[in-house]
1. Given labels modelled 7 Å from the Cα in the Cβ direction, how far is it in nm from residue B:24 to residue A:23?
2. Convert 4 °C to kelvin, take the viscosity as 1.567 mPa s, use the Kirkwood radius over C-alpha pairs of chain B as Rh, and evaluate the Stokes-Einstein diffusion coefficient in µm²/s, rounded to a whole number.
3. State, to one decimal in nm, how far the label point of residue B:413 lies from the label point of residue A:395, with both points 7 Å from Cα in the Cβ direction.
4. Between their Cα atoms, which of A:89/B:367; A:234/A:353; A:145/B:93; A:233/B:451; A:278/B:431; A:96/B:428 are more than 32 Å away from each other?
5. If you plug each phi of the stretch A:341-347 into the Karplus form 6.51 cos²θ - 1.76 cosθ + 1.60 with θ = phi - 60°, what whole-Hz ³J(HN,Hα) values come out, in order, with x for Gly and Pro?
6. For the stretch A:1-254, what is the Kirkwood hydrodynamic radius in Å, using each pair of distinct C-alpha atoms?
7. How high is the FRET efficiency between residue B:265 and residue B:136 when r is their beta carbon distance and R₀ equals 25 Å, given to the nearest 0.05?
8. Around residue A:49, with a cut-off of 12 angstrom between Cβ atoms, what is the net charge of the other residues, counting Lys and Arg +1 and Asp and Glu -1?
Amino acid sequence: MLLALILIPLLAALAILGGTPARLTAIIASLANILVATVALSCPACANGFSLQVLADPQIHLSLGLSGISAVMLILSVIVTLTAVYSGKCPEGREKLWFSSTLFIAAGAIGAFLSTDVFFFYAFHELALIPTFLMIGILGRGDRKEAAWKITIYLAFGSIVLLAGLLLATNHLGSFAFEDLAAIPAEDQNTVALLLIIGFGTLVSLFPLHSWAAPAYASAPTPVAMLHAGVMKKFGLYGLLVIGMKVAPQGMLHWLPWICVLLLGNIIWVGLVTINQKRLDLMLGNSSVMHMGYIFLAIAALAANPDNSIALPAAVLLMFAHGISIALLFSLTSVVENKTGTLEISQLGGLAKTAPALAFLFGLAGMASIGLPGLANFAGEVMVFFAGFADWSPSDGLGWVQITTIIALWGVVISAVYMLRAYRNSFQGPLVKSTENASDIHYCEKIPAYVLAVTLLVVGIYPQIILQFL
Amino acid sequence: MSPHIIEFITVGFGLLLLMFEAFSKGNKSRIGLLAAAGLAVILGMLLCPAPCCYEVPAWMERFYDDNAVARFYKIIAVLSTILVLLMAVDFRKVLAKFSASDDSGSGTGEFYCLPVFACAGLMWMASATDLVSIFVALELVTITFYVMVAFMRRNVGSLEAGVKYLILGALSTGFLVYGIAWIYGALGTTDISLFSNLLEEGTFNRSYLLFGIALMLIALGFKVGAVPMQLWIPDVYQGAPTPITAYLSVASKAAGFLVLMTIIKPFLDSEATRHAVMCTLLIMAGATLLYGNLAAISQNNFKRLLAYSSIAHAGFLLIGVATGDFTSVSFYLATYLLMTFAAFFVLALVRSEEESDEIDAFDGLGKRNPVLAFALTISMAALAGIPLTAGFWGKFFIFKAAIAAEVSWVLIVIAFISVAAGFYYYLKVVKAMYWNAPRQEKAIAVPIITKVVLLVLTAAILILGIYPQPVLDLLGK
């Protein structure tokens, strides 16, 4: 059954290339995926794992399984896939490329999260590479060609560094299966941890390897931006949590000071860059890079103290919440662009007068991104900050993680600044030329937005619904 | 029936073809199809050996060995030759234009017969276990290639490529023979199977031996395209007829690597010479990787880009040879065959239609023929090493071998840079196909042979990308 979750989008994508009606096939495939995922998650006995040996020496299996964190990531993937298929405006005559690429990227993401074998975990992520390259390069906007090259070469470089780290680790372990992951000999842990941090870090846009992310998300067509910022980015964090922590715990501890400094780079430096942005899409792209810092903080807390019981749930919850909120924001941004023809904040204004529903939804998403209580991101962020100080008493003195947490709290202020300012300048205030004739959000575009908004509210009020899987 | 009969059958078949060609009139490309059919029969003989005797006779044992690895490389050789012949059949328009003074194709008949001889030589190289028989087989292959490279005699590029290949090839042959002489002088025999015992005894002059090995490495480095003997590759690959470029790129390289592995194995195993040989090979690998990848970045001609990329791939393969993991090298070469031939089939077709090898000729191919563009995209993705294609597994095994052998981190970083660079120049072609507008709107028609072959190759690349075990089973692992 788990194989169906990957095969459905894959076969649908091939069918679209073969000539079936693109939009319809994509919608059916994503709805089918949600159905199968619901069944798989509610009935663990039915969701039997799947294993096919593809190589004898070393033993590599195409094996799929549903564990705690991967269940949450699966929910994230299928929800964002459904909404991505509904979002954005496909240019005339390019439906084939648009929808098949979206489904290929979705298949890659789901495959990566469901894999219980290190090799296919890595390989499925790469499935998204070429569709992303083509989508951004052909159907993107703005500086699309440069953005497409940047994301592809950066991700390729990150992947190959990651591969070296994974090979070094599996060389010691002798097996590629997740269940065999254990700490490797101490003298190699530092190297493996470094390679994994650089490799996964590039994929997650850790400072200073982050410059590919914002232009790529800004130039990408909406479904690609939603899938990449919302789902694909979490792959690197998932990898660090599941593989990095198990294989090289002392190594991660060794590099803790560096992780702390770099994640502060994400939060503070990139946060300040975000405040400086003049376009909505670039602001969102940079904000998504900034928020990765919080999740890295949870990972740092876990690295400093592997018995930290709050850090892992915090990271997973924030990954989920951020994925949903950024997908919602990108989806609504594309609506704004369709209605007004521009994303320059200086050229927008008073959109709430002509598009009240859009303004409400965007406000909800923006508040979620800032971390307003009642919405999912708050639950995640507050848990991350608590994790920084978990099992801490004043007599311990302030360690790296504690100081980092204190400084990271300013990130909340920073995100409030840029988000509220952008919202005020775009939606409130007097009407301007570009917004006076805008129509409100269309019924079809409301569907993805409401799905995501409701998810944010439900998880925000009752986070246990997600945390129950861990 | 002894296994070495197969090479004799191949040579006999080639001679028969030549005679048939001399007396046949009409469409010469039928000979190509006939040759391919005959080689397919030989391929069948290789894949399913008849149960009757397969013992090499005692008098042949010194020169010829039949084992799983040898048979694997023979399959690579025969498969490459079949694909080259099929490509040549579809390439006949260009061949005819540059061969005779009219477009009748009257002088092109031999073009379909020569690969059969080269194939026999490649097959013998796969089984050779004595330095002398290696040399004889190598010469058969090389001399046939001299003729094939310069075949389009009314094309200046082809002639220039032929002359360059001839002169540099003759030079490398000189190095080879000189190296054989020094090794013979040091060890007292040319029989490779005796080397490991002699090296253990230790009664040889180490400097003579190392000098001989160095000369051999130079000669074999020329064959596989390793720095610093790689200068001939871009010009010869670009000038030669496209099917022959593909043949050089795959079969000649594979045979070269097999010979390198056969000769170098006893020296890598023995303590006396291991360190020197391994270090030299690793340095060559690093330099080859850097040269091939960095030079390919600026190329605008697809054929020349493929030439530089083949140098880059040789760099990866040299890492595998240096670490002693010969299985990874063989696997890489098998997948390299699939990816390279797919790319060359598309190139040959575009060259026939557009009369140009430049990357601009591929502009807008995504619109003109989506299936062709998809096949080339898969091929480029495989060459770049994107997972879920066969090409990734090759690089995976080589990286694994390098890490297990604990090679210097400098080489690993060079390999990182190479892969990243590779992504750029391979995707440059994908970009041209999909991002740029076509120069003319006319759709490209794909001949039936090319269509079928591309379908099979693309499917193989994708299937092996998920399930590589069958290739390893063929190797006997």
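1. Result: 5.6 nm between the two label points.
2. Numbers: Rh = 22.5 Å.
Taking Rh from Cα pairs, D becomes 58 µm²/s.
3. About 4.7 nm separates the two model spin labels.
4. With Cα atoms farther than 32 Å apart: A:234/A:353; A:145/B:93; A:233/B:451.
5. Running phi through 6.51 cos²θ - 1.76 cosθ + 1.60 with θ = phi - 60° gives x, 8, 10, 5, 4, 5, 9 Hz.
6. That comes to 18.5 Å for the stretch A:1-254.
7. On the way: r = 20 Å, r/R0 = 0.81.
Computed FRET efficiency for residue B:265 and residue B:136 comes out at 0.80.
8. Summing Lys/Arg as +1 and Asp/Glu as -1 gives -2.
Quick note: the coordinates plus some simple rules give every number you see, no bench work behind them. Just so we're clear, the structure is a prediction, and the values are computed from it rather than from any experiment. Cβ atoms come from the backbone with ideal geometry, glycine included; neighbour counts cover every protein chain shown.
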